[in-house]
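The values are calculated or read from the model by the stated rules, or taken from the named source; none is laboratory data. No experiment lies behind these values; they were computed from the predicted model shown. Cβ sites come from the backbone with ideal geometry, for glycine too, and all protein chains shown count toward neighbours. Heavy atoms of the whole protein, side chains included, go into the accessibility calculation; ligands, DNA and RNA do not. Shrake-Rupley method; radii C 1.70, N 1.55, O 1.52, S 1.80 Å.
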Protein chains: 4
Amino acid sequence: MSDPVRLRYRPETSEYAWTFGGVAPVRRVRPGSVLELWSEDAFGGSVRTVDDLPSRVTRFPFVNPQTGPFYVEGAEPGDTLALHLVSVEPSRSWAASATIPFFGALTSTPRGPGLQPALPERVWIYDIDRTRRTVTYHAASRDLAVELPLDPMLGTIGVAPSRGEVRSSLVPDSHGGNLDSPEVRAGVTCYFGVNVEGALFSIGDGHCRQGEGETCGVAAEAAMDVVLVVELLKGLATPWPRLESDTQVMSLGSARPLEDAFRIAQSDLVDWVAAEWRLDALDAYQLVSQAVETPVANVVDPNYTVVAKLQKRYLPAAPVYRGTHARLRALARGLG
Amino acid sequence: MSDPVRLRYRPETSEYAWTFGGVAPVRRVRPGSVLELWSEDAFGGSVRTVDDLPSRVTRFPFVNPQTGPFYVEGAEPGDTLALHLVSVEPSRSWAASATIPFFGALTSTPRGPGLQPALPERVWIYDIDRTRRTVTYHAASRDLAVELPLDPMLGTIGVAPSRGEVRSSLVPDSHGGNLDSPEVRAGVTCYFGVNVEGALFSIGDGHCRQGEGETCGVAAEAAMDVVLVVELLKGLATPWPRLESDTQVMSLGSARPLEDAFRIAQSDLVDWVAAEWRLDALDAYQLVSQAVETPVANVVDPNYTVVAKLQKRYLPAAPVYRGTHARLRALARGLG
Amino acid sequence: MSDPVRLRYRPETSEYAWTFGGVAPVRRVRPGSVLELWSEDAFGGSVRTVDDLPSRVTRFPFVNPQTGPFYVEGAEPGDTLALHLVSVEPSRSWAASATIPFFGALTSTPRGPGLQPALPERVWIYDIDRTRRTVTYHAASRDLAVELPLDPMLGTIGVAPSRGEVRSSLVPDSHGGNLDSPEVRAGVTCYFGVNVEGALFSIGDGHCRQGEGETCGVAAEAAMDVVLVVELLKGLATPWPRLESDTQVMSLGSARPLEDAFRIAQSDLVDWVAAEWRLDALDAYQLVSQAVETPVANVVDPNYTVVAKLQKRYLPAAPVYRGTHARLRALARGLG
Amino acid sequence: MSDPVRLRYRPETSEYAWTFGGVAPVRRVRPGSVLELWSEDAFGGSVRTVDDLPSRVTRFPFVNPQTGPFYVEGAEPGDTLALHLVSVEPSRSWAASATIPFFGALTSTPRGPGLQPALPERVWIYDIDRTRRTVTYHAASRDLAVELPLDPMLGTIGVAPSRGEVRSSLVPDSHGGNLDSPEVRAGVTCYFGVNVEGALFSIGDGHCRQGEGETCGVAAEAAMDVVLVVELLKGLATPWPRLESDTQVMSLGSARPLEDAFRIAQSDLVDWVAAEWRLDALDAYQLVSQAVETPVANVVDPNYTVVAKLQKRYLPAAPVYRGTHARLRALARGLG
């Protein structure tokens, strides 16, 4: 095994992509490449103090700027793209969050409208301590600081959609996109079905951490330094985004209402278990019903996202996705 | 502090309750009492082998038999009933699960009907090993046994509903009921708002474990020996069921669609955090948005249930519910 | 055919029922009886001027007072109760509507909560002109009166629920209840499956008219004089409420989310068409798909209600429900 | 007023568009132009007999071929495009419908999945009689023909989406698209907010008729001859598709779950009424609540669609959309 190709890329502001699909690739990469990327935060870096209200300093729909898309050589519809996240680290010393009028899970929104007035807009700035691995919240209404564990993740990751569609980087769906799941962290391999030649993947929307559901619609948003490995699995289809960690396999469903996101994630996991561990559908349904963990990811985006997770230790070892995760994990460890 | 009153109660078959509300109490208990109870499994104990198909051996709606209701002396509308679960242990060596026609999350149902034929009905019998703390699944379609951790819990726990309603023991709602959440395990204190004089609580539907979502609609169902302590908090209202463990506070929302269960749980937790830690609503909303864990409980019952959990260690110590959990935890340790 | 038995009944305030199920019957009636009833409005008659804010003059849950329940002799589970509405006429010269805090389709509610403040509470009083058959709206924010057609209907009608449940008169479900559909008007026969001995039906919540969806949650509420005929169809089950007019057959589904109410209504109509016109399920599905009318009834109650309607003239004549509607229609014409 | 410009256009198969957005315009047109168009049916004309199963003769996602897009000179974001449908007439003597595996409201689907097997695939061919204005259904399971009224409409009509998105012609949303509403018939003016320069509108998916909800997912699909007039309203925004007929104004909401489509349509109608008839929001909410008609349009597409309709006769005359409908109606009458 030779040294992997390494590509370093930091987009200019003019190079940001705002959609999945519909954008020319910024680079072509070969399967096996290691990418060292930087991604700007969801606000385009414009929310830096509690006075930078998003409605003033951002220009909708220019949120969630994407780093990419990358054209993966040889990728064709019917293949699976594997992206192994080697590291995801905040590149600044602070993160920003906010309440945004008519956005979030505990307010009416344009797609679930009502007649009540908007909640106030407010910004919170979090301090990041990379040594202590904390991200600190400061209340506005009293003198209270809360240290939370630093748990960096990518809110958006995905490929160009199918059917010739182009989707905003605010949307999660079967192509990935704005999944807003805390499971998308370093050490995980992400699998996406390829819909167009070259796959055209991109990443962005880094979070220093987020609660499950991203209740107010905005996480602790931060620019991120990301190292990832690109792999291509020819002739292997993946219907919905899947993740694999050292300990778990996960299916991510995105839809509305939330129970349909749940159904997608659970039935994809049932299919996966049935295929990998050679059970019939009912046996897999039963096993998943007793063993699955099901954290909500987001209930704020145009589709909501639910994760279905299974501990690999419960089951006999199986060469999931041709052993890709173990191989990329080893490669990552060798990167130094 | 004197020794608590202890009451042992094992219902006769004729004493089972099938609803929350609408049933005369089986016993009167004083706040501070320790109850040693037994509850039959969801199938009334009638599914014992893989040939005992539920559609043949149970008579709908006679599922989820309740042990209770218990009349708590002094309980009035506007109070909170606290039930501390000291222990929940399977009372037999096996548990049963099944797929039931037109029941579960991955099938059409009478309330989400379609024209497709039913899935096959099948029973799985699990072995319980209380020493090794395992519950073992056996596949029907191949020779595979899977050891899962034993994690006993109560599927149903709650009080009589408000508005003079009587609800089936299949229904979760603001009165508790069929919450089907794995968080309802030993070591946890459950808080319920009292709707009628005496509160009239009951328990049942023990699970040796269940996946989050209870996807096929049936957990590893088992009769349970349960020890719990009853406490009453006068003049303190609780709008939706809440749980407290040594490490977490939790709100449970039950509704359809699933996003409304999510909204109930999240907004109740926001209210709770705002009240206990004296933050304004927006500050609490922000903090919960970054810190909350949100496992799905069930997506199969007449209402779906979502849990919103917060680590207590993130926040300064606060005398949640007047310190009830710590006090009952200590009492439980002293029971021997 | 002898003259039908006629029963006149006007409840005292103390006789109102607030639930379906759980209440002793006020009268026993024989199938074939004609009932001349009066029902109070949803507010218990307490909202009479624009200054009578419901939050002040009503005492929740004491809304939707029911006239009944009536015990129908011979009715048993598995039978169908037919109620033919001969006339539904407002008994006063005015009707009342309102916006109520955290109630209605365009606001957050306790079961779909958020953090926004409540909409203002406001009362509108409508003038009823029975000669011109109008009900007149008066704007508060400008000098505008709008004459709308008088179209009296019953918001609540139904029987005791199954499974031993007792449901608030605010709830629509398979037992009927708070369906809030404008289709429940004079000239229509309503069919309900009987769940308990005597059926125990009641009526209430008269509306001088309502929009489809009852968007703000409150119609033009009015006390009503109601004449209806009671009929019993032995050994004939009805899974969800159905209506028959001179021109249409209708199925009413109640559930959340709204698409499940739609699915219930459509699949019940498909089943009905397949049974009455001897088509297989796919043929009935296809025909309904092209011919059905589907007005929304309510999107504000604990369950939402959708109506699926089919013109009878599209199909060969069939003795729907044993010809009950035609027979009761003739009887009604003979009442004078 | 001079004679309007008339443009006749019939696309070649190679010219079909399959998305809204992302396609170069086939023609440029001036506001005021009359277009005489032809659109192929949803199946691309390939389902002609009961043996032409869609899964065999169509190639997903190549359904709902669009005629267009048309670039409207002068159209810019913030304007409103008005399309007045002068006539919509089937161009062949038959129409086709079908059940399609895992598609429709009464089956599991890829976005609401389960484990049940698919419903059978079946085709129905309808006879069109343009003289008698009927479209005739033939049952497969017995000898029954049902004459239904011919009521031709366009399933898809809309403009390029906002945010740089490209959406499949199967999707309805704020840009219009696959609304699948029977209200989109001859005599109606459709209003769409313009999102991109030139608006880029297209039409397609003709139905000889459909039930409200399009329950099985497929209407009586037919190629159509369409005459329409294009008008542009500068500086007037339209948030969601609106329709105006001689008698009614209508708002169309598209979303999931269905109650959110309802909320969008109702709140848009409330806003419209408040603006045109100068009522405050609560007064408009109240009036709409009593007067609105709310037919479901579709419960089968990626978003579901609900219509909120108000009789114009209820209200004082108002120059809705600057009197566009009356003007285009007059123009249409003059076309001969």
Among residues of chain B, the one whose beta-carbon sits nearest the axis that rotates B onto D, given with its distance in integer Å, is B:Gln116, 2
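In square angstrom, what is the accessible area per residue of the stretch B:6-335 with a 1.4 angstrom probe?
It amounts to 31 Å² per residue over the stretch B:6-335.
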Which Cα, out of C:Leu310, C:Val86, C:Gln286, lies furthest along the positive dipole direction of chain C (beta carbon charges, K/R +1, D/E -1)? C:Val86
Work out the FRET efficiency for A:Arg278 and A:Trp38 from their Cβ-Cβ distance, taking R0 = 41 Å, and round it to the nearest 0.05. 0.40
If each part is reduced to its alpha-carbon centroid, the stretch D:236-282 and the stretch A:140-211 end up apart, in Å, by 34
In terms of the alpha carbon gyration tensor, root eigenvalues a ≥ b ≥ c, rounded if a/c is under 1.5 and otherwise prolate when a/b exceeds b/c or oblate, the stretch D:27-186 is oblate
Heads up, the stretch A:1-121 by the C-alpha gyration tensor (a ≥ b ≥ c square roots of eigenvalues; a/c under 1.5 rounded, else a/b over b/c prolate, else oblate) looks prolate
Shape call for the stretch D:218-284, from the Cα gyration tensor axes a ≥ b ≥ c (a/c under 1.5 means rounded, otherwise prolate when a/b beats b/c, else oblate), comes out oblate
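Give me the dipole magnitude in Debye, nearest 20, for the stretch A:6-335 about the Cα centre, with unit charges on the beta carbon: positive for Lys and Arg, negative for Asp and Glu.
580
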How large, in percent, is the carbon and sulfur part of the accessible surface of the stretch C:52-201 at a probe radius of 1.4 Å? 50
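Between B:Phe62 and C:Val50, how high is the FRET efficiency from 1/(1 + (r/R0)^6) when r is the Cβ-Cβ distance and R₀ = 51 Å? Nearest 0.05.
Efficiency computed from Cβ-Cβ geometry: 0.50.
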Projected onto the charge dipole of the stretch C:196-277 (unit charges on the beta-carbon of Lys, Arg, Asp and Glu, signs +1, +1, -1, -1), the Cα from C:Gly204, C:Ala237, C:Thr215 with the largest positive-side position is that of C:Ala237
Contact surface C-D: accessible area buried, both sides summed, square angstrom, 1.4 angstrom probe: 5400
Net charge dipole size for the stretch B:155-255 [Lys, Arg +1 and Asp, Glu -1 on Cβ; Debye, nearest 20]: 240
From the label point of D:Gly323, set 7 Å from Cα along Cα→Cβ, how far away are the matching label points in the other copies, in nm, ordered shortest to longest? 6.0, 7.9, 7.9
Compute a Gaussian network model of chain D, connecting alpha carbons closer than 10 Å, and tell me which residue from D:Pro239, D:Pro113, D:Pro161 fluctuates the most. D:Pro113
Measure off 7 Å from each Cα along the Cα-to-Cβ vector at D:Arg10 and D:Ser93, then give the distance between these two points in nanometres to one decimal. 1.8
Pull up the DSSP beta bridges for the protein assembly as shown and report the antiparallel fraction as a percent, rounded to 5. 90
In nm to one decimal, list the spacings between the B:Val5 label point and its equivalents in the other copies, with label points set 7 Å along Cα to Cβ, shortest first. 5.0, 7.9, 9.1
Pairwise FRET efficiency - D:Lys234 versus C:Ser141, Cβ, R0 = 25 Å, nearest 0.05: 0.25
Cβ-vector label at 7 Å, D:Leu236, separations to other copies in nm: 5.3, 5.7, 6.0
For B:Glu231, C:Glu221, give the ranking by accessible area with the largest first, probe 1.4 Å. B:Glu231, C:Glu221
Quick one: in chain C, what % of C-alpha pairs are over 30 Å apart? 32
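If you put +1 on each Lys and Arg Cβ and -1 on each Asp and Glu Cβ, how big is the dipole of the protein assembly as shown around its Cα centre, in Debye rounded to 20?
Dipole magnitude for the protein assembly as shown comes out near 0 debye.
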I'd like the Karplus ³J(HN,Hα) series for the stretch D:42-52: coefficients 6.51, -1.76, 1.60, θ = phi - 60°, whole numbers in Hz, and an x wherever there's a Gly or Pro. 4, 8, x, x, 8, 9, 10, 9, 5, 8, 8
